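Engineer: Below are the structure tokens for one structure; questions will follow.
The values are calculated or read from the model by the stated rules, or taken from the named source; none is laboratory data. Note that the coordinates shown come from a computational prediction; the quantities given were computed from them, not determined experimentally. Here the Cβ positions follow ideal geometry from the backbone for every residue, glycine too, while neighbour counts run over all protein chains shown.
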Amino acid sequence: GDVLVQLGARVQYDRIAVDAFDIDEIAFHSKQTHGEHDGDHDGEHEGDNDGDHDGDNDGDHDGDHDGDHDGDHDGDNDGDHDSDHDGDHDGEHGDEHGDNHGQEIVHEAFPISLSAGLVWDFTPGYNVGLSLSYAERTPTAAELYSAGPHLGTGTYDLGSAFELEETAEGEYQVHYESVDIELESSVNLDLSFRKFEGDLGIIANVFYNKVDNYYYQSATGLLSGEAHGDEHGGEHAGEHGDEEAGEHAGEEAGEHDNHAHAMDLPLYQFSRSDALLYGGEIQVVYQISPSWEVTTFGDMVRGEDNAGQPLAMISPARFGQFWRYQGETLSAGLDIVKYLEQDRIADHEKPTDGYTMVDANIQYPVEVMNHSVTLYFKGKNLLDEEARIHTSFIKQVAPLPGRNLVFGVRGEF
């Protein structure tokens, strides 16, 4: 049979420029440390009626996260945080937070990509493909220099250019050290099989990617917060000697504690590590009749770092079927997709349960007064499953919508 060979090469110029910044003087603390601190504070003032904080809010901040790392860096953290901080940094840590001494940071890189592939039509209607590639990627400004709250995901994002150092109080401070960036580089191997003639079509693919300096974002188990609210309450209590003043201070302290807790955001930091990403997918399409077609598919991906530990934010395996009907006028579809549980998780990451999504749609065009009008129905999550996307930062607080039905009319005039 015929053999098609393809070769490719590319050199790219990337430039990253980041304005001068100064990291906010903000302490990061663990949930456990935060809880213990509140507990100690309560014990010191128990019975004094001075507005102590009881730590009831501690459990509310569990560092859960959401959205489409898809194992991927989609650039949602677009580096906007960087411009919010200005200051000085001389390469030393003279204060409790790092800066870059008022100098613009500029990185330049020339990542290259090389690829070779072949497709062999070994018999009519069938072929196999093999591709091997080497690719380099410059990390984004967000992956390097994010430093601030990301309200869309409810997280505090920190780039890989920063380090966390533990203080004597058991908290963590951010420091910056000027270093040359490391390009992400990968060697990628793909093998595919295709059957593309007749009523039955098959596409199968397996891949193996070995990545050096893989940049990824993951939970640290720490929370951000400019204050715990404890000292504030103590100061108010100490300022007022009578019982009424103490009660008033207690109310203010409680309000302050609630506010401080509410401001706590789980800290997610970009890191880099050598990694392996591998998996496969298969899709089988069968034309049952001129009107009916069914597609059956399945896919999975695994990711692990150089220590063999699972990478964060990796999608679970899934499989399902898509049914399609196309008549002379009426058309309809039924999608059934089973998502498996994801319990291969990184540190400080939460597992997600499996679920089955069933969606359906029907369309029926009619003519009204010489105009085309379509009557349609769409049904999403017909089983009313509680579905949480594993790659979503906000999955613990925002699952997918439950059962929803839409009936509508669409016209063209």
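Engineer: Considering each residue of region 365-390, count those that are modelled with pLDDT under 95 and outside any strand (DSSP E or B), and give that number.
Structural biologist: Qualifying residue count for the region: 2.
Engineer: Another question, then. May I ask you to list pairs of residues, at least six apart or on different chains, whose Cβ atoms are under 7 Å apart, with the first in region 375-396 being surrounded by fewer than 16 Cβ atoms within 10 Å (Cβ to Cβ) and the second being part of a loop (DSSP other than H, G, I, E, B)?
Structural biologist: D384/G402; D384/R403; E386/P399
Engineer: Enumerate the strands (runs of 3 or more DSSP E) found wholly within region 120-225, keeping only those where 3 or more residues are modelled with pLDDT of 95 or more and in contact with a Gly (Cβ under 9 Å, 6 or more places away or on another chain).
Structural biologist: Values: elements: 126-137, 147-150, 155-158, 162-166, 172-176, 184-195, 200-225.
Correct list: 126-137, 184-195, 200-225.
Engineer: Kindly provide the set of residues from region 156-202 that are in contact with a Lys or Arg (Cβ under 6 Å, 6 or more places away or on another chain) and farther than 25 Å from F297 by Cβ, ordered by number.
Structural biologist: S160, E184, V187
Engineer: Between a first residue in region 359-374 that is closer than 11 Å to R410 by Cβ and a second residue that is among the charged types (D, E, K, R), which pairs have beta carbons less than 6 Å apart while being 6 or more apart in sequence or on different chains?
Structural biologist: Sorted first by the residue in region 359-374, then by its partner, the pairs are S372/E412; T374/R410.
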